[in-house]
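Structure first, commentary second.
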Amino acid sequence: MNKPTHNKTITFLNQHLPLVIVTMTVILLTVTNIKPGTYFSSWDNFHPEFNLSLAVKRALFGAWATFQGTGAPASQSQIAEITRLPIIFALTLLLPQNLIRYIFHFLMVFIGGISMYFYIKNIWLSKIDSAYKNWVASLGGIFYIFNITTLQQFYISFEPFAVEFAFLPLVFLSIHWLAEEPNKKAILLFIIIQLLIASYAFVPTVCYFAFIFYVIYGFFVYLQAQKNIFSALKKTVLLVFLILFINSYWLLPNIYYAVHNAYYVQQSRANQLFDLEALWSVREAGTIDNFITGLHFIFNWKHFNFKTFQHEYNFQAWGKHLSRGLTIFLLVIFTLASHLAFIKLFFDRQKGYKRWGFIIIFLFTTIGIWIGLFLPDKIFNFIYSFGILQNSIRNLYTKLSTIYSFLLTIAFCLSIESLLIAFKKNIYSILLIIVSFSAIFYASLPSFTGNFIDQELKIAYPQEYFEMFAYLQTKPNYYRVL
């Protein structure tokens with residue numbers, strides 16, 4: 001092979017192979033986690049594919065939940081689901097019913113990995129040679145999918161969190177498009193991405209936190225583009241109104257509920273029983289060991305096994321792997337690399353003003369995720385002495401873990417960028433990339449043996465269930481099952 005041809009081959013591989021790795025990894029993850037003949041179900045879940053027309057009706061009239069008892073105002077934003085249902089409809093045309101929820105979730109994993117790849121590549125990697133930029137972005141996509149924080153969301157996955165994972169990097173990327181080229185195309189793309197991610201508002205508190213983070217980040221991105229604080233503030237106010245306008249279809253009913261019916265949440269017997277347990281779980285998880293490994297309260301949760309009549313850890317399949325010294329060592333390295341890069345960012349002027357948006361969000365999110373570690377007991381008790389806060393944000397981990405995973409990924413890639421600059425484009429740079437990919441894959445090895453999602457959630461429903469559904473559909477709509 002002559003030198004020009006060799007150089008073209010290397011260039012081609014550097015341009016395309018990193019993205020192919022992310023794609024092929026998700027395909028492998030999907031294939032190894034689908035159990036034939038089962039539904040991915042139980043825990044928190046939606047199954048609109050069982051009756052899509054009914055799901056559309058419930059979403060369109062979601063301000064009043066007719067299916068809850070004899071009807072009730074919706075404490076969660078069922079109406080936000082309407083933007084996800086076209087995807088489900090498309091999947092119903094292509095797949096057997098039992099595969100739809102599986103494929104939807106792994107489609108979200110794929111979109112999240114790819115969108116993180118482009119966000120990292122285009123926004124944060126400003127210092128390294130173009131030959132390495134795609135590889136570090138690919139590392140970002142892989143790390144975003146497989147870091148231990150992401151696992152704790154997808155293992156017992158719930159649709160709003162999966163959707164947030166998929167489109168969060170695109171939201172932040174679209175803020176840059178609005179700031180740098182505020183034309184009709186940028187606005188249209190921003191609106192489309194906001195609608196695509198909107199179903200995460202089914203859990204409204206997740207969305208409210210995200211709105212705050214968008215505005216903080218947006219202000220500093222505008223400041224970087226405008227170079228004038230008053231102009232940046234003006235643009236940020238416009239961003240706020242644009243976000244509120246796009247999301248008003250679910251936001252207004254939810255605000256109405258909060259004003260007129262919030263006491264229902266506090267009076268709920270289920271909340272009264274579970275709130276204190278949830279708070280204790282978060283506080284108990286706040287240890288140095290957990291912080292440096294990323295293992296949170298979900299690893300301590302158990303379920304009842306009706307075959308053995310014993311309680312078993314939800315993450316039992318991960319127990320042996322996480323007891324290995326090398327696995328724990330790698331989790332600690334990932335955490336240290338991300339947090340050292342975060343500290344370095346304070347002094348890295350080349351990253352521009354946007355880094356201050358990142359820093360503020362990272363600080364808030366880290367304290368929120370590890371509230372039992374970083375907040376003194378008196379402050380912790382004071383915050384949760386307010387009943388509405390205790391009910392609505394009883395578990396900050398689930399509300400913030402996706403954004404935390406997103407931020408850790410950015411910081412991890414910045415640490416790799418710093419090392420590549422130090423190695424100055426030699427064999428050590430190539431070894432660093434290879435070792436980084438290998439470390440991520442090894443740390444998440446059980447994910448490729450069918451344990452990216454809990455085996456207990458792969459369910460073969462008895463045929464009698466579907467016979468019952470068919471029977472109930474013959475009854476009048478005003479009937480209720482008690």
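Here are the numbers for the structure shown:
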| read-out | value |
| --- | --- |
| Top-ranked residue in segment 299-336 [being within 16 Å of residue 405 (Cα to Cα) and touching a Leu at 6+ places or on another chain (Cβ under 9 Å); ranked as surrounded by the most Cβ atoms within 10 Å (Cβ to Cβ)] | 334 |
| Single condition residue 228 does not satisfy, out of (1) at pLDDT 95 or above; (2) surrounded by fewer than 15 Cβ atoms within 10 Å (Cβ to Cβ) | (1) |
| Residues of segment 403-435 classified as in contact (Cβ under 8 Å) with a residue 40 or more places away in the chain, more than 21 Å from residue 345 (Cα to Cα) and of a type outside the set (A, V, I, L, M), total | 2 |
| Residue match in segment 33-53 (condition: in contact with a Ser or Thr (Cβ under 6 Å, 6 or more places away or on another chain), modelled with pLDDT of 85 or more and not aliphatic (A, V, I, L, M)) | yes |
| Positions within segment 179-237 being in contact with a Lys or Arg (Cβ under 8 Å, 6 or more places away or on another chain) and among the polar types (S, T, N, Q), in sequence order | 199, 205, 224, 226 |
| Counted residues, segment 205-236 - those being among the charged types (D, E, K, R) and within 18 Å of residue 362 (Cβ to Cβ) | 0 |
| Close pairs (6 angstrom Cβ cut-off, 6 or more residues apart or separate chains): under 21 Å from residue 188 (Cβ atoms) in segment 225-250, of a type outside the set (A, V, I, L, M, F, W, C) and surrounded by 14 or more Cβ atoms within 10 Å (Cβ to Cβ) anywhere | 235/222; 236/218; 236/222; 239/218; 246/194; 250/77 |
| Residue satisfying all of: in segment 259-287; surrounded by 14 or more Cβ atoms within 10 Å (Cβ to Cβ), among the small types (Gly, Ala, Ser) and assigned to a helix (DSSP H, G or I); modelled with the lowest pLDDT among these | 278 |
| Segment 120-138, residues that are small (Gly, Ala, Ser) and either in contact with a strand residue (DSSP E or B) (Cβ under 6 Å, 6 or more places away or on another chain) or surrounded by 21 or more Cβ atoms within 10 Å (Cβ to Cβ) (or both) | 137, 138 |
| Qualifying residue in segment 427-442 (condition: at pLDDT 95 or above, in contact with a helix residue (DSSP H, G or I) (Cβ under 8 Å, 6 or more places away or on another chain) and among the polar types (S, T, N, Q)) | yes |
| Odd one out for residue 202 among (1) crowded, with 23+ Cβ neighbours inside 10 Å; (2) more than 24 Å from residue 399 (Cβ to Cβ); (3) in contact (Cβ under 8 Å) with a residue 60 or more places away in the chain | (2) |
| First in segment 115-126 and touching a residue at least 60 places away in the same chain (Cβ under 8 Å) and under 17 Å from residue 345 (Cα atoms), second anywhere and among the aliphatic types (A, V, I, L, M) and crowded, with 18+ Cβ neighbours inside 10 Å, Cβ under 8 Å, 6 or more apart | 120/136; 120/137; 120/410; 123/173; 124/410; 124/414; 125/136; 125/137 |
| Of the criteria (1) touching a strand residue (DSSP E or B) at 6+ places or on another chain (Cβ under 9 Å); (2) closer than 19 Å to residue 414 by Cα; (3) of a type in the set (Ser, Thr, Tyr), which one residue 102 fails | (2) |
| Single residue of 412, 406, 448 found to be out of contact with any Ser or Thr (no Cβ under 8 Å at 6 or more places or on another chain) and within 28 Å of residue 158 (Cβ to Cβ) | 406 |
| Helices (runs of 4 or more DSSP H) wholly inside segment 94-176 that include at least 2 residues being closer than 22 Å to residue 337 by Cα, at pLDDT 95 or above and more than 11 Å from the chain's Cα centre (by Cα) | 100-119, 130-146 |
| Positions within segment 444-474 being among the acidic types (Asp, Glu) and either at positive phi or loosely packed, with under 11 Cβ neighbours inside 10 Å (or both), in sequence order | 464, 467 |
| Which listed residue, of 156, 187, is among the hydrophobic types (A, V, I, L, M, F, W, C) and surrounded by fewer than 19 Cβ atoms within 10 Å (Cβ to Cβ) | 187 |
| Residues of segment 16-33 classified as buried (at least 17 other Cβ atoms within 10 Å of the Cβ) and either under 18 Å from residue 96 (Cβ atoms) or not hydrophobic (A, V, I, L, M, F, W, C) (or both), total | 4 |
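The values are calculated or read from the model by the stated rules, or taken from the named source; none is laboratory data. Note that the structure is a prediction, hence the values are computed from the model and not measured. Don't worry about glycine lacking a Cβ; one is built from the backbone with ideal geometry, like all the others, and counts go over all protein chains shown.
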